[in-house]
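To keep things clear, I will list the structure first and then write my remarks on it.
FYI, it's all coordinate maths here, none of it is from the lab. What you are looking at is a predicted structure, and each value in this text was computed from that prediction instead of being measured. So basically every Cβ, Gly included, is an ideal-geometry build from the backbone, and we count neighbours across all protein chains shown.
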Amino acid sequence: MHLLNADLHSHSNVSDGTLSPEDLARRAADQGVELWALTDHDEISGQRRAREAALDLGMAYLTGTEISVSFAGQTVHIVGLGFDDEDAALNAGLAATRGGRTQRAREMAAGLAKVGITGAFEGALKYVGNPELISRTHFARFLVESGVCPDTHSVFRRYLTEGHPGYVPHVWARLGDAVRWITQAGGMAVIAHPGRYKFTPTEEYALFTEFIAHGGQGVEVMTGSHSAAEHIRYADTALEFGLLASRGSDFHSPGESRTELGSLPDLPGRLKPVWEALAARVHGAVA
Ligand code: AMP
Ligand code: MN
Ligand code: MN
Ligand code: MN
């Protein structure tokens with residue numbers, strides 16, 4: 001049986017990626033992706049461009065986004081797939097979620113200024129494609145450019161994570177709201193990269209059970225954020241909770257991303273892929 005090369009998690013310069021939706025579509029097609037979703041953070045204004053570019057390249061397309069959620073004191077990401085991108089409540093919810101980013105960025109810059117790194121707000125803004133979507137990634141690019149750190153990963157480790165000078169706690173969307181915005185717009189909610197969170201087993205169990213209670217149906221098993229051991233671990237978790245499984249590189253940028261578009265291992269055969277349940281929501285034909 002032909003296993004579909006689906007990549008259902010990636011970012012363009014509409015959020016914190018560096019490629020335009022069109023260039024990202026071309027790269028995905030060149031890498032052999034057959035079903036693609038652009039999942040910009042808290043923002044769906046790139047969806048039409050991504051869909052049109054995908055269809056022009058003969059790639060099937062699912063609408064996508066990645067919503068920032070606060071849960072048990074941490075930030076959790078919920079991917080939405082296959083929704084109607086003109087849904088009013090979804091658009092309003094995403095706009096509200098994006099709303100605090102500029103103020104947060106000013107506070108991040110103030111924290112960095114205290115340790116002698118000046119001009120970080122203006123510096124980060126130079127990397128921003130969409131002013132509403134200023135993110136930690138844009139600060140990281142600026143700190144690499146100014147020679148403070150050799151790469152973006154060390155910027156996060158030294159400056160942008162909890163306990164470090166550029167970190168500002170932020171309250172994002174509520175889990176139930178994010179899941180409902182997606183599902184009521186006809187889409188499917190998926191827990192992004194569960195291996196990245198630093199939850200206790202009890203908190204992780206609460207995340208999965210509450211997510212399902214709110215109507216969530218999927219979990220990323222194959223993601224660029226998971227180790228080989230986590231691929232197996234979250235395959236087991238998907239089965240245990242009866243969740244559909246997703247696959248996505250989380251590609252952001254050619255120089256920065258460790259996982260190329262469309263390059264992850266296939267989903268284990270014992271799992272049910274999210275895209276089978278979303279077949280009616282796919283734009284274009286799957287080869
Ligand atoms: P924000 O939504 O502004 O908090 O930024 C979160 C983004 O930062 C994520 O989507 C990743 O793209 C990026 N990020 C988070 N942690 C790291 C890390 N350790 N190294 C590199 N990028 C990271
Ligand atoms: Mn990102
Ligand atoms: Mn994420
Ligand atoms: Mn992502």
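For the chain, the spread of Cα positions along the three principal axes, ordered from largest to smallest, is 57, 44, 39 Å.
Each other residue within a Cβ distance under 12 Å of S135 adds +1 if Lys or Arg and -1 if Asp or Glu, for a net charge of -1. When each of S68, S20 is scored by the number of other beta-carbon atoms lying within 10 Å, the sequence from fewest to most is S20, S68. Using +1 at the C-beta of Lys and Arg and -1 at the C-beta of Asp and Glu, which of W36, S227, H170 has the Cα lying farthest in the positive direction of the dipole of the chain? Final value for the positive-end residue is H170. One decimal place: the segment R106-E162 gains 18.5 nm when fully extended, by the rule 0.36 nm per residue minus the C-alpha distance.
So in the chain, what percent of DSSP beta bridges are antiparallel if you round to the nearest 5? Mind showing how you got there, number by number?
On the way: 13 of 29 bridges.
Taking every DSSP beta bridge within the chain, about 45 percent pair in antiparallel fashion.
Net charge in the neighbourhood of R26 (other residues with Cβ under 13 Å of its Cβ; Lys, Arg +1, Asp, Glu -1) is -3.
Bridgeable aspartates and glutamates around K126 (alpha carbons under 17 Å apart, same-chain partners fewer than 8 residues away excluded): D16, E145.
Based on other C-beta atoms within 10 Å, arrange F241, F71, F251 from fewest to most.
By the 10 Å Cβ count, ascending, the order reads F241, F71, F251.
Distance between the C-alpha centres of segment 152-231 and segment 241-287: 17 Å, rounded to the whole angstrom.
Note down the relative contact order for the chain as a percent, whole number, built from C-alpha pairs under 8 angstrom at least six residues apart. Reported as a whole number, the value is 22 percent. For the chain, the longest principal axis of the C-alpha atoms and the axis of helix 101-114 are separated by about 40°. When only the Cβ of Lys, Arg, Asp and Glu is charged (+1, +1, -1, -1), the dipole of segment 101-158 relative to its Cα centre reaches about 180 debye.
Given the rule -39500 (n - 2.57) for each run of at least 4 DSSP H residues, summed and divided by the residues of the chain, what is its mean residue ellipticity at 222 nm, to the nearest 500 deg cm²/dmol? Please report the intermediate quantities before stating the final value.
Working: 11 runs with 106 residues, N = 287.
Calculated from helices alone, the mean residue ellipticity at 222 nm is -10500 deg cm²/dmol.
Determine the shape class of segment 101-158: with a ≥ b ≥ c the square roots of the Cα gyration tensor eigenvalues, call it rounded for a/c under 1.5, and otherwise prolate if a/b is greater than b/c, oblate otherwise. Because a/c hits 1.5 or more and a/b fails to exceed b/c, segment 101-158 counts as oblate.
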